[in-house]
Each structure stands twice: as structure tokens, then as C-alpha cells.
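Data first, discussion second: the structure below is written as C-alpha cells.
The values are calculated or read from the model by the stated rules, or taken from the named source; none is laboratory data. Note that the structure is a prediction, hence the values are computed from the model and not measured. Please note: Cβ atoms are built from the backbone with ideal geometry, for glycine as well, and neighbour counts cover all protein chains shown.
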Amino acid sequence: SQQGEEDPQALSIQEGENATMNCSYKTSINNLQWYRQNSGRGLVHLILIRSNEREKHSGRLRVTLDTSKKSSSLLITASRAADTASYFCATVLSGTYKYIFGTGTRLKVLA
Amino acid sequence: DTGVSQNPRHKITKRGQNVTFRCDPISEHNRLYWYRQTLGQGPEFLTYFQNEAQLEKSRLLSDRFSAERPKGSFSTLEIQRTEQGDSAMYLCASSLATAARIHEQYFGPGTRLTVT
């Protein structure tokens with residue numbers, strides 16, 4: 001079974017707007033990663049945040065992690081049509097090297 | 001292209017047949033993972049290797065599934081006596097893991113299996 005759940009399941013925004021998606025998980029983690037999947041390029045790693053970090057930035061991406069609430073959020077600023085894809089969080093459980101993916105958020109950016 | 005490659009990209013087979021998929025990871029990566037993904041779901045962990053050793057295997061992986069990584073380079077995933085429920089995208093990923101940290105995974109394009 002999948003440990004992470006993304007919210008919302010689907011999101012539709014206009015180009016230029018910000019997109020926020022959330023991920024909740026159940027057990028202690030070593031780190032949390034976000035991936036993007038579209039039909040053209042498969043699954044691509046976006047950003048990794050460790051359990052002792054609270055916020056991380058990479059270009060137009062901002063990730064937060066709240067281990068007390070077992071949740072993370074991914075913010076994409078100034079969205080573009082090319083950001084249209086499914087976004088998944090993946091947690092690496094403490095003491096293992098096993099990645100558990102969430103159910104994904106399908107983002108559609110309208111031009 | 002130095003990314004992760006998978007072959008074949010598509011496989012159609014009849015129920016009851018055996019199938020084998022191959023994954024070639026990024027050459028310097030020591031970890032290799034297999035996942036299964038069905039429509040509308042995230043990748044589901046199946047198994048992973050550190051070099052040639054298979055270190056963890058999902059409970060989802062029935063006795064019909066077996067994976068190998070004989071020389072710590074490429075890996076194969078075999079499904080015996082395929083069932084229609086095995087129809088899915090099978091993804092391979094590799095990463096470079098050290099004792100100090102866990103790294104991101106690099107995914108291959110996947111093998112789409114259709115069992116008729």
C-alpha cells in the first residue's frame with residue numbers, strides 16, 4: 001500500500017499562477033522527495049528535503065516539511081504550461097532505503 | 001544517452017506466459033529499484049538491489065515474480081504464469097547511495113505490460 005497521499009488529487013490553474021500541492025505520510029522518514037511525471041519524460045526527480053530540514057528552494061519550487069504533522073507541501077510559482085504533469089511525493093522510511101510514493105496530484109496549467 | 005534504459009518498452013503477452021524485462025541503470029549507480037505503476041496511481045515498490053544483493057522485496061511480489069542483478073550492473077525482472085492483474089507499467093530506477101546519504105532516483109521510461 002502507498003503511504004503518502006497527495007492533496008488535491010487534481011488541480012487546474014492559469015499560467016502565471018502559483019500551484020500548491022500537499023503530501024501526508026504515516027511513518028517516520030529519512031527524507032521526502034518530489035517527482036514529476038508526464039507522458040513525454042517519465043518520472044523526474046525535482047527536489048529532496050531531509051527530515052531535519054523545514055524548507056528548501058530550487059528555482060521556482062519551494063518545499064516545506066513538517067515532521068510533527070507528517071506533511072509536506074510543494075509550491076510551484078509562476079506556473080507554465082510545461083508544468084502540466086502529475087506530481088508525486090516519495091518518502092524514504094527511516095532505517096530503510098525503500099521509497100514509498102504517494103497517489104499523486106494531477107496539475108493542469110492552462111495557457 | 002547515459003540515463004536508465006529499459007527493454008522492451010512494450011510487451012503484450014497471453015495469460016499464463018512468462019515475461020522478462022531488462023533494466024540498464026546509470027553505470028556508476030549501486031542501487032537499483034523496480035516499481036509497478038497502474039493508471040492513476042503512484043509507483044509501487046517491488047524490490048531493490050544494492051550492487052548484486054537483493055536487499056528488500058515487497059509483500060506484493062508474489063512467488064511468480066523474481067528479480068536478479070547478477071553482476072551488479074543490469075537487472076532483470078521475470079514474471080511467471082502472467083495474470084491479467086499483472087498488466088501495468090514496470091519502472092526501473094537507479095541511484096548512487098553512500099553511507100552518509102540517500103540520493104535521488106533516476107527512472108527509466110518503463111516497460112508497459114499488457115496481459116490478454
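Residue B:32 - would you say it is at pLDDT 95 or above, surrounded by 15 or more Cβ atoms within 10 Å (Cβ to Cβ) and closer than 19 Å to residue A:94 by Cα?
The answer is yes for residue B:32.
Here are the criteria: (1) surrounded by fewer than 18 Cβ atoms within 10 Å (Cβ to Cβ); (2) within 17 Å of residue A:101 (Cβ to Cβ); (3) touching a Ser or Thr at 6+ places or on another chain (Cβ under 9 Å); (4) of a type in the set (D, E, K, R). Tell me which single one residue B:15 does not satisfy.
Exception for residue B:15: condition (2).
So in segment A:16-31, with the set limited to residues that are of a type in the set (Gly, Ala, Ser) and outside any strand (DSSP E or B), which one is farthest from residue A:104 (Cα to Cα)?
Top of the filtered list is A:16.
Could you tell me which of the residues B:105, B:84, B:54, B:50 is at the interface with chain A (Cβ under 8 Å from one of its Cβ atoms) and either under 20 Å from residue B:19 (Cβ atoms) or surrounded by fewer than 20 Cβ atoms within 10 Å (Cβ to Cβ) (or both)?
Checking each option against the conditions leaves just B:50.
Out of all the residues in segment A:27-68, which are touching a residue at least 24 places away in the same chain (Cβ under 8 Å) and of a type in the set (D, E, K, R)?
The one that is touching a residue at least 24 places away in the same chain (Cβ under 8 Å) and of a type in the set (D, E, K, R): A:36.
So, of the residues in segment A:101-111 that are in a loop (DSSP other than H, G, I, E, B) and more than 10 Å from the chain's Cα centre (by Cα), which turns out to be surrounded by the fewest Cβ atoms within 10 Å (Cβ to Cβ)?
Of everything passing the filter in segment A:101-111, A:111 is surrounded by the fewest Cβ atoms within 10 Å (Cβ to Cβ).
Quick one: which of B:75, B:27 is more than 9 Å from chain A (Cβ to nearest Cβ) and crowded, with 18+ Cβ neighbours inside 10 Å?
B:75
How many of the residues in segment A:18-71 are farther than 27 Å from residue B:89 by Cα and among the small types (Gly, Ala, Ser)?
Matching residues across segment A:18-71 total 7.
For (1) closer than 30 Å to residue B:111 by Cβ; (2) among the polar types (S, T, N, Q), each residue gets a yes or a no:
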site	(1), (2)
A:12	no, yes
A:42	yes, no
A:47	yes, no
A:59	no, no
A:62	no, no
A:80	no, no
A:94	no, yes
A:100	yes, no
A:105	yes, yes
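Would you please list the contacts, defined by Cβ atoms under 7 Å and residues six or more apart or on different chains, that run from a residue in segment B:1-18 that is in contact (Cβ under 8 Å) with a residue 12 or more places away in the chain to a residue that is surrounded by 13 or more Cβ atoms within 10 Å (Cβ to Cβ) and of a type in the set (Gly, Ala, Ser)?
Pairs found: B:4/B:93; B:4/B:94; B:4/B:108; B:5/B:108; B:6/B:108; B:6/B:110.
Would you list the strands (runs of 3 or more DSSP E) that sit entirely within segment A:54-100 and hold 1 or more residues that are crowded, with 18+ Cβ neighbours inside 10 Å?
Strands (runs of 3 or more DSSP E) meeting the threshold: A:61-66, A:71-76, A:85-93.
Please count how many residues of segment A:32-52 are surrounded by fewer than 17 Cβ atoms within 10 Å (Cβ to Cβ), at the interface with chain B (Cβ under 9 Å from one of its Cβ atoms) and in a strand (DSSP E or B).
2
Would you confirm, using the coordinates I've provided, whether residue A:4 is in contact with a Leu (Cβ under 9 Å, 6 or more places away or on another chain), under 22 Å from residue B:93 (Cα atoms) and at pLDDT below 95?
yes
Report the residue count in segment B:1-12 for those that are surrounded by 16 or more Cβ atoms within 10 Å (Cβ to Cβ) and out of contact with any His (no Cβ under 9 Å at 6 or more places or on another chain).
Count: 3.
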